[in-house]
1. So how many residues does segment 129-143 have that are within 16 Å of SER82 (Cβ to Cβ), in contact with a strand residue (DSSP E or B) (Cβ under 8 Å, 6 or more places away or on another chain) and in a helix (DSSP H, G or I)?
2. Just checking, does segment 96-116 include any residue being assigned to a strand (DSSP E or B), touching a Lys or Arg at 6+ places or on another chain (Cβ under 6 Å) and crowded, with 22+ Cβ neighbours inside 10 Å?
3. Quick one: would you say ARG160 is closer than 26 Å to ALA246 by Cβ and either among the charged types (D, E, K, R) or outside any loop (DSSP other than H, G, I, E, B) (or both)?
4. Give me the residue from segment 204-224 that is under 16 Å from the mean Cα position of the chain (by Cα), part of a loop (DSSP other than H, G, I, E, B) and more than 17 Å from PHE263 (Cβ to Cβ) and, out of that set, modelled with the highest pLDDT.
5. Determine, yes or no, whether GLY168 is in contact with an Asp or Glu (Cβ under 8 Å, 6 or more places away or on another chain) and either over 23 Å from ALA243 (Cα atoms) or polar (S, T, N, Q) (or both).
6. Only one of (1) assigned to a loop (DSSP other than H, G, I, E, B); (2) at pLDDT 95 or above; (3) crowded, with 17+ Cβ neighbours inside 10 Å fails for TRP7. Which number is that?
7. Does GLU255 qualify as being modelled with pLDDT of 95 or more, in contact with a Lys or Arg (Cβ under 8 Å, 6 or more places away or on another chain) and under 24 Å from LEU136 (Cβ atoms)?
8. Of all residues in segment 270-300, which are of a type in the set (A, V, I, L, M), part of a helix (DSSP H, G or I) and in contact with a helix residue (DSSP H, G or I) (Cβ under 6 Å, 6 or more places away or on another chain)?
Amino acid sequence: MTAEQGWTIEQIPDQTGRIFVVTGANSGLGLATTRALARRGGHVVLAVRDEEKGRQAVAEITAGQPDARLEVRHLDLADLDSVRAFVDRLGTDHPRLDVLVNNAGVMAPPRSLSAQGHELQFACNHLGHFALTGLLLDPLTAGRDPRVVTVSSVNHRKARLDFDDLDGEHRYSPMGSYNRSKLANAVFGRELHRRLTAAGSPVRSVLAHPGYTATNLQWGTPTGLWRLLLGRIGNPLLAQTPARGALPQLYAATEPSVAGGQFIGPDGPAELRGAPTRARLSAAADDAETGRRLWEVSEQLTDVRFVFSAPV
C-alpha cells in the first residue's frame, strides 16, 4: 500500500460529526494533528497535562478557524489515576468516540519514576496509553469507523524488551529507554489489532511514525549531549515541520483504505520525511508471543482489563 504522491490534509475526508481524542495535543505533532482534524470538521478533545497550554493551543487554532470544535481536558499519562479520571469525565459528555490518537510522549529524560513507581518513559509513552485505550474501548466500539492510532518511531527497530527490567532499575540509558518505550507502542498496536480482529470488533488499531520532526520532544526532557544532538544539531539539519510530520498519523486516523495492523510512516530516504506510506515493523514488534507477554504485564501494572465486544 502506498499513499497518493504528495498526500496532504486536503485529502482527509470530511470529518464532521466525528469525535477525536488526541493526547499531547497542545504542541508539536499533537497540535498539528488537532489543527488538521478541526479544519476538516472534526470535534477534537485536547488531552493535555497542562490545561493552560491547551487553552493557548485552542486560541491559536480558533484565531484562524473560528468554527473549530475543540475542548481541553486534563490528562497526565504518567499517572494512572489521572487516566481514569479523564475517562470518567469524558464518558459523561461523550458516550461515543470515533478516534483515539495516542500521540503524547516524553524523550530521553534522566531516570525518574511515575506516580505509580514505573520508569517515566515506559509509564507515559506505553502504560498510560495502554490504560487509556482499554478504558475507552466501549465508546470507541460505538463509534463511526472507529480507530486507535498509536504513534511509535523508527527507533523501535533499535530496541528489545527486557521483561526483567522494564523500569530500567538495573540498567538505564535515556535514549535506550525511549527506544524501548517506542517498541512497546509498536508491540501494543499490533497485539491490539490481533485481539480486535479475533473479537470481531469494528475498531481498527493502526500504527504510525512521524519520521524526524522538529518538536518540543527534542528540547523538553533530554539533557546534556542528547539535547545538543537532537535539538541543536538534528533539528536544523534533518527535521521536518510538525505539519509534515503529522501526516502519517492523520493518514492512519482518517484514510478509508488503511487496514488494521498497518504501520504508516514517511516514504522518503531513511523514512525521515515524505508522504505517508506503509512502513516496516521490526520482527520484535510483530512477534505474537512478545505481544501476549507485554499485554499481560501491562494489565498487571495498570490494573486495566480490555473487554472486547462487537457492536450491537
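The values are calculated or read from the model by the stated rules, or taken from the named source; none is laboratory data. The model shown is predicted, which means the values in this text are computed figures rather than measured ones. Here Cβ is always computed from backbone atoms with ideal geometry, including for glycine, and neighbour counts include all displayed protein chains.
1. Within segment 129-143, residues that are within 16 Å of SER82 (Cβ to Cβ), in contact with a strand residue (DSSP E or B) (Cβ under 8 Å, 6 or more places away or on another chain) and in a helix (DSSP H, G or I) number 3.
2. We begin by selecting, within segment 96-116, every residue assigned to a strand (DSSP E or B); these are 99-102, 113.
Those still in the list that are touching a Lys or Arg at 6+ places or on another chain (Cβ under 6 Å) too: 99.
Next, from what is left, pick out any that are crowded, with 22+ Cβ neighbours inside 10 Å: 99.
Checked segment 96-116: at least one residue is assigned to a strand (DSSP E or B), touching a Lys or Arg at 6+ places or on another chain (Cβ under 6 Å) and crowded, with 22+ Cβ neighbours inside 10 Å.
3. Values: closer than 26 Å to ALA246 by Cβ: no; either among the charged types (D, E, K, R) or outside any loop (DSSP other than H, G, I, E, B) (or both): yes.
When the stated conditions are applied, ARG160 does not pass them.
4. The selected residue is THR215.
5. Numbers: in contact with an Asp or Glu (Cβ under 8 Å, 6 or more places away or on another chain): yes; either over 23 Å from ALA243 (Cα atoms) or polar (S, T, N, Q) (or both): yes.
So GLY168 fits the description; yes.
6. Only one criterion is unmet by TRP7, namely (2).
7. On the way: modelled with pLDDT of 95 or more: yes; in contact with a Lys or Arg (Cβ under 8 Å, 6 or more places away or on another chain): no; under 24 Å from LEU136 (Cβ atoms): yes.
Spelling it out, it is not the case that GLU255 is modelled with pLDDT of 95 or more, in contact with a Lys or Arg (Cβ under 8 Å, 6 or more places away or on another chain) and under 24 Å from LEU136 (Cβ atoms).
8. Looking only at segment 270-300, we keep the residues that are of a type in the set (A, V, I, L, M), and these are 270, 272, 275, 279, 281, 283-285, 288, 294, 297.
Pick out the ones that are also part of a helix (DSSP H, G or I) and you get 270, 288, 294, 297.
Residue satisfying the conditions is LEU294 alone.
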